[in-house]
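Read through the structure below, which is laid out as structure tokens, and then see the notes.
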Amino acid sequence: MLFDGALRFVRAGRVELVREKPDFEKLFENFTRAKKIVVELASGLNRDQDPVMCDRMSGLCDFIYKLLIEANLERDVAKADEAIKLLAYERETWSLAVERGAAEAAATHSTAVNPVASQPADTSSASGLLSRSA
């Protein structure tokens, strides 16, 4: 949700950047809200889990924050576009990680609920099927 919010505000700020007569108050407000979300993303990192990944993510958040400042101050659409691209990529990455984690949790749960599923299956007929289809 944080990525979605940041993307929404950067995109709204970008709209103001390309207008013939931009509303500078809206521009500032949108980029400020996006920057606050980026700070929240960085401050929510749990260094105990994976310090290397947290350092990388923190550096990325710092870079995106800098892009947002420059896009706002310099009225630079390219910097806003780069921030959008990075936020969208990270959003997709985290969405896939959450889906994968949920699938792994579901598999662990189904194994715990149905211990028969965790036992090796009789693969004699399956091996024959695989060798014919290969």
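Where a number appears in this text, it was derived from the coordinates with a stated rule and is not lab data. These numbers were taken from a predicted model, which means no experiment stands behind them. Note that each Cβ is placed from the backbone with ideal geometry, even for glycine, and that neighbours are counted across all protein chains shown.
Sorted from fewest to most neighbouring beta carbons within 10 Å, what does the list 16, 82, 99 look like?
Result, fewest neighbours first: 99, 82, 16.
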Open item on the list: Using 0.36 nm times the number of residues separating residue 20 and residue 36, minus their current alpha carbon distance, what extension gain do you get?
Closed with: 3.1 nm
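Seen from all sides and averaged, what is the projected area of the convex hull of the Cα atoms in region 2-98, in nm²?
Mean projected area of the Cα convex hull: 5.7 nm².
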Open item on the list: Only four residue types carry charge here, +1 at the Cβ of Lys and Arg and -1 at the Cβ of Asp and Glu. Report the dipole size of region 1-68 about the Cα centre in Debye, rounded to the nearest 20.
Closed with: 220 debye
